[in-house]
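**Q** Would you mind keeping the following structure in view while I ask a few things?
The values are calculated or read from the model by the stated rules, or taken from the named source; none is laboratory data. All figures in this text were calculated on a predicted structure; none of them were measured in a lab. Glycine also receives a Cβ, built like all others from the backbone with ideal geometry; neighbour counts cover every protein chain displayed. Note: areas computed on protein heavy atoms with side chains; ligands, DNA, RNA excluded. Shrake-Rupley method; radii C 1.70, N 1.55, O 1.52, S 1.80 Å.
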Amino acid sequence: MNKFKFSLIVLVGACSYGVLSSIMKVGMKDGFTVPQMLGGQYVFGWTFLLIFMLLLSRKRVAGRQWLSLLAVGIPMSGTSIFYGWAVERLPASIAVVLLFQFTWIGVLLEAVWERKFPARSKLVSICFLIVGTLLAGGVISESPANLDPAGVVYGLMAALSFAVYIFASGRVGTEVPAISKSLLITSGSGVIVLSVFSPSLLWDGSLGEGLWVYGVILGLLGILIPVLFFAIGMPKVGTGTGAILGAAELPAAVIASVLLVHEHVGYLQWAGIVLIFIGIAVPQLRFNRTRQLPVQGAAD
């Protein structure tokens, strides 16, 4: 499987994340809270991963690897917690734009770690992503408003957490089977999330009232698919490219909001989505051209 196919795996994982906000909006209309649905997401997602591991993964994981992978769950949980707090204090469009600062943070982390200046294709890509995010998030079309400083800090902390999670997912436990790795990361993250947001859904009867439906859907789209796909693809594509591919979450979120919540999306937002897709494609086109050069030289 070549790098382009691994990029597609990461892209699918990012798109899976993007659908979550619209599903939660539907769940809120049915009377469930975000903490309840977030708890259900982790409970069912962890259960799915456990079943997959018991059925498909026979390799034992060393104790040191357990600890390191559980620790990777810390930034994963931080993304969920900080973003939830940001959404409570800021307009959704502002919160999502702050979250998507993880794209350039991820590229910066990779550059610092590898002590190498980012490739020109990645810098061009980031420019497209920043402009596209501002347009797709609806920030430019909104009238200016006073922003809650705490909400801005939470949004930026969510971006930093997500960038660190992408970075760690691509470098920690790369020799561990993807299913076992995903289960351990989710275990570390789930303990923290359920500590911050009460795990009362396990005994308050809300699961029997229909919360289980959202738990199953969110567990599949918010845990099983993205965490597993990131565990498979991130070590192959690298942190910088992975962060850029992760930007697909926003177009997926906008498209899902149209299909599931029937929200109106203006021309500027669609233009932003196009720019984001261009930004995602730039490093992949650059990689494919570079890979083909030796073949062309040999033909000459």
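**Q** Highest GNM mean-square fluctuation, the chain, Cα pairs closer than 10 Å: which of Ser22, Ser121, Ser180?
**A** The residue with the greatest mean-square fluctuation here is Ser121.
**Q** Can you give the net charge of the other residues whose Cβ lies under 14 Å from the Cβ of Phe230, counting K and R as +1 and D and E as -1?
**A** So the surrounding residues net to +2.
**Q** Give the share of C-alpha pairs in each 20 angstrom bin for the chain, from 0 to the last occupied bin, in whole percents, shortest bins first.
**A** 34, 58, 8, 0
**Q** Could you state how much accessible area Arg171 has, in square angstrom rounded to the nearest 10, with a 1.4 Å probe and all protein chains kept in place?
**A** My reading of the accessible area for Arg171 is about 70 Å².
**Q** Something else about it: Given R₀ = 22 Å, FRET efficiency for Leu108-Val152 by Cβ-Cβ distance, to 0.05?
**A** 0.70
**Q** Separate question: Assuming R0 = 25 Å, what is the FRET efficiency of Ser195 and Leu220, from their Cβ-Cβ distance, to the nearest 0.05?
**A** Once the sixth-power term is evaluated, E becomes 0.60.
**Q** Evaluate E = 1/(1 + (r/R0)^6) for Lys5 and Arg120, where r is the Cβ-Cβ distance and R0 equals 25 Å; express this FRET efficiency to the nearest 0.05.
**A** The computed FRET efficiency comes out at 0.55.
**Q** Here is a follow-up. Taking only the C-alpha atoms, wrap a convex hull around the range 1-136 and report its volume per residue in Å³ as a whole number. Don't jump to the answer; show the numbers that get you there.
**A** Numbers: hull volume 22.9 nm³, N = 136.
Spread over its residues, the Cα hull of the range 1-136 gives 169 Å³ apiece.
**Q** On to the next question. In what sequence, largest accessible area first, do Met157, Met234 appear using a 1.4 Å probe?
**A** These residues rank, largest area first, as Met157, Met234.
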